[in-house]
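A.B. asks: One structure follows; several queries about it will come next.
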Amino acid sequence: MVADWFTGEGSSFRLLGTRCSACSCVFFPREDTNCRNPGCQGGELEEFPLSRRGRVWSYTDARYRPPSPYVTNPELPWVPYALIAVELAAERMVVLGQAAPGVTVADLTVGMEVEAVSGVLYEDAETVWTTWHWRPTGVEA
């Protein structure tokens, strides 16, 4: 898990960004040192939970094994997965993430509503690497 990028479980799961107190810009991944808005003189950055739901802005499938630092077992066959770019209207940003297991590009359309859910990126005998996934609303895992 990347520290402080998300919190909660189930219906309380949220991605965590930061918001500048001076210009109100929201950032994800989080920013803890400087406001990224080039027109801002800077203010305090505060943790800001992002909207849990958004709309599919774009999507594609990953048909090849990505290079490091992506964690995967090279002994197992590669299983393609869908990547979704989700527009969060309230934050005026697009957040990229994997689709929830079982969701393929055939299940997606631009504009459909999706929600952020917790997921597992990879696990081995010692560690479970957690992440977020996007899942179409109304679909239970």
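The values are calculated or read from the model by the stated rules, or taken from the named source; none is laboratory data. Because the structure is predicted, anything quoted here is derived from the model rather than measured. Positions of Cβ are backbone-derived with ideal geometry, glycine not excepted, and every protein chain shown enters the neighbour counts. These area figures cover heavy atoms from the full protein model, side chains too; ligands, DNA and RNA do not enter into them. Shrake-Rupley method; radii C 1.70, N 1.55, O 1.52, S 1.80 Å.
A.B. asks: Please go through the stretch 110-130 and pick out each residue that is in contact (Cβ under 8 Å) with a residue 60 or more places away in the chain and open to solvent by 20 Å² or more (accessible area, probe 1.4 Å).
C.D. replies: Selection gives Glu113, Ser118, Trp129, Thr130.
A.B. asks: Being within 23 Å of Pro29 (Cβ to Cβ), of a type in the set (Val, Ile, Thr) and modelled with pLDDT under 90 is the filter here, so list the residues in the stretch 59-92 that pass it.
C.D. replies: Hits for the stretch 59-92 are Val71, Thr72.
Residues are listed down the side, and each one gets a yes or a no for (1) among the small types (Gly, Ala, Ser); (2) more than 24 Å from Arg14 (Cβ to Cβ):
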| position | (1), (2) |
| --- | --- |
| Glu75 | no, yes |
| Val86 | no, no |
| Val105 | no, yes |
| Ala116 | yes, no |
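A.B. asks: Further question: Which one is farthest from the chain's Cα centre (by Cα) among residues in the stretch 23-48 that are in a strand (DSSP E or B) and surrounded by fewer than 14 Cβ atoms within 10 Å (Cβ to Cβ)?
C.D. replies: Result: Glu46.
A.B. asks: A further question follows. When both residues are 6+ apart or on different chains and their Cβ atoms are under 8 Å apart, which pairs have a first residue that lies in the stretch 59-76 and is on the phi < 0 side of the Ramachandran plot and open to solvent by 80 Å² or more (accessible area, probe 1.4 Å), and a second that is small (Gly, Ala, Ser) and assigned to a loop (DSSP other than H, G, I, E, B)?
C.D. replies: Within 8 Å, no pair qualifies.
A.B. asks: Of all strands (runs of 3 or more DSSP E) completely enclosed by the stretch 65-141, which ones contain at least 3 residues that are among the charged types (D, E, K, R)?
C.D. replies: Result: 113-123.
A.B. asks: Next question, about the same structure. If I filter the stretch 107-121 for residues that are farther than 29 Å from Asn37 by Cα and among the β-branched types (Val, Ile, Thr), do I get at least one hit?
C.D. replies: Yes.
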